[in-house]
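Notes follow once the structure below has been shown.
The values are calculated or read from the model by the stated rules, or taken from the named source; none is laboratory data. Bear in mind that the values here come from a model prediction, so they are computed numbers and not experimental data. Glycine gets a Cβ as well: all are built from the backbone with ideal geometry, and neighbour counts include every protein chain shown. Just so you know, the surface numbers come from the protein's heavy atoms only, side chains and all, with ligands and any DNA or RNA stripped out. Shrake-Rupley method; radii C 1.70, N 1.55, O 1.52, S 1.80 Å.
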Amino acid sequence: MPPRRRGASGFRGVRVRPSGRFTAEIRAAGFRLTLGTYNTPELAARAYDAAAWRFRRPGRDMNFPDVESLEEAEFLAPPPCLVDDEDRRRHRQVQRRIAIAERDEQLMRQWRAQFPNDADNTDAFFANLRAQRRSDRRHRRAVAAFELENSNTTWTENDPRWEDIWTETTSDDE
């Protein structure tokens, strides 16, 4: 029987994850047992060897043939990296920040498409924003004046919002 191929990691029972970390696995009784995820392929191979010793595999199935006992293999094997609630919280926080950054980039692309000649100049953007706000204020003012004339307004004559309108009217007239 030809020797088993070793994967991209160079060790038996070790696979490379898409994240760049290494997973140790062993097959026993028709099942694939995941032993943990590790930062280096050597640590994952040590974990595989400890499990191979526990399953009484022959020495040719070991990654490190210089290990002579189960106790030595378990001593050299690192504990598995377990994912806890703190890791999940950190991951969610990073994902939120990435989503915010992607949204910012999308808005900047829209802004650049709207103002192709003024990509570096924000004056046009803010002028457009001021014009939009001015238009909104004029519309609200017209609605309020119409309601006042028809006695359908919810604003009283002493409402402080009228002062803002009269202030805006005098500043727009100047």
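Return a yes/no flag: does region 61-72 have any residue that is more than 18 Å from Glu25 (Cα to Cα), open to solvent by less than 50 Å² (accessible area, probe 1.4 Å) and of a type outside the set (A, V, I, L, M, F, W, C).
There is at least one residue in region 61-72 that is more than 18 Å from Glu25 (Cα to Cα), open to solvent by less than 50 Å² (accessible area, probe 1.4 Å) and of a type outside the set (A, V, I, L, M, F, W, C).
Could you tell me whether Thr34 is assigned to a strand (DSSP E or B), open to solvent by 60 Å² or more (accessible area, probe 1.4 Å), free of Cβ contacts under 8 Å to residues at least 60 places away in the same chain and β-branched (Val, Ile, Thr)?
Working: assigned to a strand (DSSP E or B): yes; open to solvent by 60 Å² or more (accessible area, probe 1.4 Å): yes; free of Cβ contacts under 8 Å to residues at least 60 places away in the same chain: yes; β-branched (Val, Ile, Thr): yes.
Yes; evaluated as a whole, the condition is true for this residue.
Counting only residues that are within 12 Å of Gly13 (Cβ to Cβ) and open to solvent by 60 Å² or more (accessible area, probe 1.4 Å), which one in region 47-60 is modelled with the highest pLDDT? Can you show your working first?
Taking region 47-60 and keeping what is within 12 Å of Gly13 (Cβ to Cβ), we get 47-52, 55, 57.
Now narrow it down to the ones that are open to solvent by 60 Å² or more (accessible area, probe 1.4 Å): 55, 57.
Values: Phe55: 82, Arg57: 79.
Restricting to residues being within 12 Å of Gly13 (Cβ to Cβ) and open to solvent by 60 Å² or more (accessible area, probe 1.4 Å), the top hit is Phe55.
Being assigned to a strand (DSSP E or B) and surrounded by 10 or more Cβ atoms within 10 Å (Cβ to Cβ): is that true of Ile26 here?
Details: assigned to a strand (DSSP E or B): yes; surrounded by 10 or more Cβ atoms within 10 Å (Cβ to Cβ): yes.
Yes, satisfied.
Among all residue pairs at least 6 apart or on different chains, which show Cβ distances below 6 Å where the first residue, located in region 43-60, is without any contact (Cβ under 8 Å) to a residue 60 or more places away in the chain and farther than 20 Å from Phe22 by Cβ and the second is open to solvent by 60 Å² or more (accessible area, probe 1.4 Å) and outside any helix (DSSP H, G or I)?
That search, which allows pairs on different chains as well, returns Gly59/Pro65.
Table: residues versus (1) hydroxyl-bearing (Ser, Thr, Tyr); (2) modelled with pLDDT of 85 or more.
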| position | (1), (2) |
| --- | --- |
| Leu129 | no, no |
| Gln132 | no, yes |
| Asp136 | no, yes |
| Val143 | no, no |
| Thr156 | yes, no |
| Thr170 | yes, no |
